[in-house]
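Written below as structure tokens is the structure these notes are about.
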Number of protein chains: 2
Amino acid sequence: MSHQIITELEKRHTVKHYDASKHISAADLAIIYEAMRLSPSSINSQPWKFIVIESDEAKQRFHDTFANKFQFNQKHAKAASHTILFAHKTHYARADYENVINVDIQTGRTKPENKDQSFGAFAFVDMNTDEQGNNAAWTKSQTYIALGNTMNVLARLGIDSTPMEGVDHELISELFPELEGYQCDVALAMGYNDADQDYNAALPKSRLAIKDIVTAL
Amino acid sequence: MSHQIITELEKRHTVKHYDASKHISAADLAIIYEAMRLSPSSINSQPWKFIVIESDEAKQRFHDTFANKFQFNQKHAKAASHTILFAHKTHYARADYENVINVDIQTGRTKPENKDQSFGAFAFVDMNTDEQGNNAAWTKSQTYIALGNTMNVLARLGIDSTPMEGVDHELISELFPELEGYQCDVALAMGYNDADQDYNAALPKSRLAIKDIVTAL
């Protein structure tokens, strides 16, 4: 199939080795952040926080989170241009949704007098919340929508990336107090690969056949 | 910000009313399916099944799954051009991953003699599997990557959509035996909106501010 969308998605792959000398431009970063911001989520809840590892100090801190586990991903911490920690709120509450509704009111999407009524959608949160107020499974799913959206955008911008579930969420929480209330189960390293050492770039794309995953009824 | 990616994502919205006379072309459907197929997932597990509601018979069946719950989404079942049921495998097992590895071997990505070694990545599944073999939370997250990827692609193709967590997964499993072993917690209606009645198209886009969700360190 010949279409620009498919060409880009076929080219994208999980980078195994970055060229540490290459950096994502400020213009591209702005597009990436804005695209992340525009990601859809259930009831527009946006139960996420995106921590961007950019400075040498932050890269060192992220590097240190691989002390106990997943050392095979550690080298990306310093070699990738940027890494985004995709974190989900573990106890998304009415106060969080109120922030969303307040923006709706600011933009003119919702009339101030309809504020109470707007909380009706919060029933979707209640359905996914346990007795301790934990709804991390639901907020995590929403955050993976943003991840899928972001990886598509990177492919389109010609920026390489490495999605990593191989991250230590406990050590990340410890070393990144900025994440209080949020949990990071997945991170996305981004930058430009070292073509000579990124063996995965040359390997053929491999996916299950359409007939095995898509059934039209 | 002026960039084609952002323009498209700003325009996309959750459709509240479809024009039932308009249908997605076969050429666009082929791109959508192929883009879904190319979605990334942890260890390339692809623990998903995409059931496409296309025929009148399937639309009636999907319509009937709203008998008990979420009636506000029922009208999309027949009015949308197509709806995709995004389903995740609840008990993803070694045999499923063997299918992936077999494709890797067919494509030349993996040498036949390295087949056993390829199962090393399955440790990520084990980490996310309970004693009953259930790993639905993990496979569901992967499926939301595909959802995020697909919504981005639809925005780019100028096709409208409605993501719906308001679906009755129990009744879907009952009326769609094709989903055996998989669970559908989210569906994506697709088509073209009825501009006069889709009130959401005209409302301003509303998202939290960049400063409230992105922190660069």
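Observations, loosely collected:
- Amide H contacts of A:Y92 (H built 1.01 Å from N, under 5 Å, at least 5 apart or other chain): A:N135
- Whole-percent carbon and sulfur share, accessible surface of chain B, 1.4 Å: 48 percent
- The residues of the protein assembly as shown present an accessible area of 42 Å² per residue when probed at 1.4 Å with all protein chains retained.
- Sequentially through the range A:161-166, phi angles give Karplus couplings (6.51, -1.76, 1.60; θ = phi - 60°) of 7, 9, x, 10, 7, x Hz, Gly and Pro residues having no value and appearing as x.
- Top positive-direction residue, dipole computed over the range B:96-217 with Cβ charges, set B:N135, B:G191, B:L175: B:G191
- Peptide A:138-144 shows a mean partner chain C-beta count of 5 within 10 Å per residue C-beta.
- Taking chain B as the region of interest, the number of lysine pairs whose Cα atoms are within less than 20 Å, with members eight or more places apart or on different chains, is 18.
- Each of A:N152, B:T110, A:T83 was scored by the projection of its Cα onto the charge dipole of the protein assembly as shown, and the greatest displacement toward the positive side belongs to A:N152; charges sit on the C-beta of Lys, Arg, Asp and Glu.
- Average Cα contact separation per residue, the range B:83-142, under 8 Å, 6 or more apart, as relative contact order %: 54 percent
- Summing Cβ point charges (Lys, Arg +1; Asp, Glu -1) relative to the Cα centre of the protein assembly as shown gives a dipole of roughly 840 debye.
- Chains A and B together bury roughly 6800 Å² of accessible area, counting both sides, with a 1.4 Å probe on protein heavy atoms only.
- Build a GNM of chain A with springs between Cα atoms under 10 Å apart, and of A:Y182, A:Y97, A:Y199 the one that fluctuates most is A:Y199.
- In sequence order, calculated HN-Hα J values of the range B:203-210 (Karplus, 6.51, -1.76, 1.60; Hz; x Gly/Pro): 6, x, 5, 9, 9, 4, 5, 3
- Diffusion coefficient of the range A:1-156 by Stokes-Einstein, Kirkwood radius over Cα pairs, 37 °C, 0.692 mPa s: 182 µm²/s.
- Rounded to the nearest 20, the Cβ-based charge dipole of chain B about its Cα centre (Lys and Arg +1, Asp and Glu -1) stands at 620 debye.
- Residues whose placed amide H lies under 5 Å from that of B:A189, excluding near-sequence neighbours: B:I84, B:T162, B:M164
- Whole-Hz couplings from phi, Karplus 6.51/-1.76/1.60, listed for the range B:108-123; x for Gly and Pro: x, 6, 10, 6, x, 6, 9, 4, 4, 4, 5, 6, x, 5, 4, 3
- Sequence-distant residues sharing a close amide H with B:R12 (under 5 Å, placed H): none
- Two tests apply to each whole DSSP H helix in chain B, Cα reach of 15 Å or more along its axis and mean Kyte-Doolittle hydropathy of at least 0.5, and the ones passing both are B:26-37.
The values are calculated or read from the model by the stated rules, or taken from the named source; none is laboratory data. If you're wondering where the values come from, they're calculated on a predicted model, not measured in any experiment. Methodologically, a virtual Cβ is constructed for each residue, glycine included, from the backbone with ideal geometry; neighbour enumeration extends over all protein chains shown. These area figures cover heavy atoms from the full protein model, side chains too; ligands, DNA and RNA do not enter into them. Shrake-Rupley method; radii C 1.70, N 1.55, O 1.52, S 1.80 Å.
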